[in-house]
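What follows draws every value from the coordinates through simple rules; no lab data is involved. This one's a predicted model, so the numbers in the text were calculated from it and none came from an experiment. Methodologically, a virtual Cβ is constructed for each residue, glycine included, from the backbone with ideal geometry; neighbour enumeration extends over all protein chains shown.
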Amino acid sequence: MQVVGTQVIPEMGGKIGFTVEFVGDGGEVVSVVLRNDEAKSVNPGNAVELARAVMLEMAAAGAGEGNADRPTTRMTARRAGDRNVMEEQLDEGLEGTFPASDPISATSSTISRPAKECE
């Protein structure tokens, strides 16, 4: 896979971390989620390099001969059908877009006039 693009996506405005997506020339997308620590050491400027380091560590762990060195995989909440986790993720996403996620409301004002009497 040849990387043709990267995208850094802030999670809740970068408060909880960033997701870095690497896009391959064949349409592949590899995402790395980086959680921020108390010192807020992950930022848009260093997120790509940190994500690359995570992928290198994973690749090195997968190169070992035993299954103990291989990373384990887990199903996503959607695939596992975990509605509670999906609701939590939706809430987090909406909080991250606040106030843009508020519904639009329309208001109008009218002035009433007395009805004309028919003669």
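Once the Cβ-Cβ distance between Ala61 and Val3 is put in as r, and R0 is 25 Å, what FRET efficiency do you end up with, to the nearest 0.05?
0.75
Arranged from highest to lowest average of other beta-carbon atoms within 10 Å per residue, in what order do the peptides 34-46, 6-18 appear?
Those peptides, ordered most packed to least, come out 6-18, 34-46.
From the Cα gyration tensor of the range 7-47, with a ≥ b ≥ c the square roots of its eigenvalues, which class applies: rounded if a/c is under 1.5, or else prolate if a/b is larger than b/c, or else oblate? Spell out each step's value before the answer.
Numbers: a/c = 2.99, a/b = 2.70, b/c = 1.10.
Cα axes put the range 7-47 in the prolate bin.
Tell me, in nm to one decimal, what length is gained between Val54 and Lys40 on full extension, where the rule is 0.36 nm per residue of separation less the Cα-Cα distance?
3.3 nm
Based on the mean of other beta carbon atoms within 10 Å per residue, what is the order of 83-94, 19-30, most packed first? Don't skip to the end; give the middle numbers.
On the way: 83-94: 11.5, 19-30: 13.5.
The most tightly packed comes first, giving 19-30, 83-94.
Could you check the spin-label model distance between Lys15 and Ser108? Points 7 Å from the Cα along Cα→Cβ, value in nm.
The modelled label-to-label distance comes out at 3.8 nm.
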